[in-house]
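Computed from the coordinates by the stated procedures, all read-outs in this text should not be read as laboratory data. Everything numeric in this text was worked out from a predicted model, so none of it was measured. Quick reminder, even Gly has a Cβ in these numbers, built from the backbone with ideal geometry, and neighbours come from all protein chains shown.
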Amino acid sequence: MENLEEIEALARGGDAASQYRLAALLERSGQRDAAREWTQKAADAGHPGALYTIACELLAARPEEMRVDEAVALLTRARQSGGGAAMRLLAVLTALGLGVKQDWAGAVALLGEAVEAGHPAAMRELALLAESISGRRWAGAKLLAAAARKGDWIALAYAARRPGLMSESEAAMTRASLRKRGVDFISLDPLTEDRTARPDIEIEDLVSAAKASPAEPPKKDILHEAPLLYRIPALLSRDECDYVICASAPLLTPSLVVDPEKSAADHAQYRTSDGALIGLLDLDLMLIAIYRRLAAAAEVDWGNCELIGVLRYRAGQEYKPHRDYLPEDENDYSEVRRTGQRARTLLVALNDAYAGGATVFPELKIEHKGRTGDAFVFENTTASGVPYPETLHAGAPVIKGEKWLLSLWCRERRFWFWD
Ligand SMILES: O=C(O)CCC(=O)C(=O)O
Ligand SMILES: [Fe+2]
């Protein structure tokens, strides 16, 4: 039990760690204004956690109110006093080119710093990123195991199914406790494949592996021309798909869609799945590397993409027939004019252990159901933005199991919300 009076006395005495602690306790008991004041005091005293908290608030604002430069200044101060979370967020801003010059290698170096500072999520992120970019499976095993030992739940989920990273009994216990905590959206069953690990790989080598440019997407398999529809098998690996699922699972809410009758975002019966949008503060370098690969697969500039969406359909849930281009009415039209239409849609099957749930195009007589990691891309409009009504499509009802789908809508022109 913490003694609130004692913490408060220390906080009043100017101890930054106690000020930050007190702010957290006040926040938890709903005293937001008092919490904010103590966070500010702790930040003024240079506490990295407090500086990071305020920077996140500045970045969570609506794009036109986002104070990016101030956030970068706070994060830079936090980084100087060893704040791993700040280093990790600076890495994201550097990869995006938001408030700082865009620089992938510089971003990975910042992530490496966060790893050296012992930040558990950064350790898991670098391990999986290096594997993903270099294609060297298991290369990050040792770092992943270290992140798991520090309690990072995503690292635990990966480590518990990789043979040899934990003892059998430890792995079984970990799996049971993850299931109890509701982590049942990815399979925790041990993998059977051979381990080709190089368990001695060092952080430095992982950092340099992760700095490489992403590989070109594999070849496409064209299903229809004008409107163009194509498949790219195995665009993402299973580990990458599970990463997207883990990142979005805590963000799921009942879906919002633009109802074509009302042209307003509404909790409609139109789409009955749950959905998540991966926003700025949810991103990390692994997700950004995936994002860039998705844009390349959809053959659009990354800046033209909307946020990555993830949909989870349970048995009986569906996405009724619809078109992805935006209705040209007063609500959306100025935005459509600025960014262009939703010219292309990219879908990636994040899992495949379910029945039903195909994506169907009744007018084109095309039905698609991907294996885990397969991408499916279709044009919604001509190259000059004229809608193709025959792109009417639906996510058929799931009959058994859960369907997890990544959905990315791509505009004709630049879309980044924070532009
Ligand atoms: O669930 C599906 O298969 C279709 C999803 C979809 O149409 C969309 O995300 O725009
Ligand atoms: Fe759609």
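Take the Cβ atoms of A24 and K320, set R0 to 35 Å, and the FRET efficiency comes out at 0.20.
Tell me the GluC sites (Glu not before Pro) within the range 331-396 that lie in a loop according to DSSP and have at most 15 other beta-carbon atoms within 10 Å. For GluC sites (Glu not before Pro) across the range 331-396 that sit outside H, G, I, E and B with at most 15 neighbouring Cβ atoms in 10 Å, the list reads E363. Helices of the chain meeting both criteria, an alpha-carbon length of 20 angstrom or more along the long axis and an average Kyte-Doolittle score not below 1.0, with helices taken as full DSSP H segments, do not occur.
Test of understanding: what is the full-extension gain from A105 to A226, defined as 0.36 nm times their sequence separation minus their Cα-Cα distance? Please report the intermediate quantities before stating the final value.
On the way: separation 121, 0.36 × 121 = 43.56 nm, distance 3.86 nm.
Going from the current span to full extension adds 39.7 nm.
Among 221-231, 114-124, 3-13, the peptide with the highest mean count of other Cβ atoms within 10 Å heads the list, and the full ranking is 114-124, 221-231, 3-13.
Each part gets one Cα centre, and for the range 34-93 versus the range 302-353 those centres are 32 Å apart. With each label modelled as a point 7 angstrom along the Cα→C-beta vector, the A383-A358 pair spans 3.2 nm. GNM remark for the chain: springs join alpha carbons under 10 Å apart, and the peak mean-square fluctuation among L236, L93, L22 falls on L22.
Roughly what % of Cα-Cα distances in the chain sit above 34 Å, to the whole percent?
On the way: 31667 of 87571 pairs.
Beyond 34 Å sits 36 percent of the P(r) for the chain.
Available extension along the chain between E5 and L281 is 96.0 nm, counting 0.36 nm per residue and deducting the alpha carbon span. For the residue pairs K180/K320; K142/K180; K211/K320; K41/K142; K219/K403; K142/K211, the C-alpha atoms sit more than 30 angstrom apart in K180/K320; K211/K320; K41/K142. Taking 0.36 nm per residue of separation and subtracting the current Cα-Cα distance, fully stretching the chain between E306 and R67 would add 84.0 nm.
Report the relative contact order of the chain, percent, no decimals, based on alpha-carbon pairs under 8 angstrom and at least 6 residues apart.
Values: 819 pairs, mean separation 52.7, N = 419.
That works out to 13 percent.
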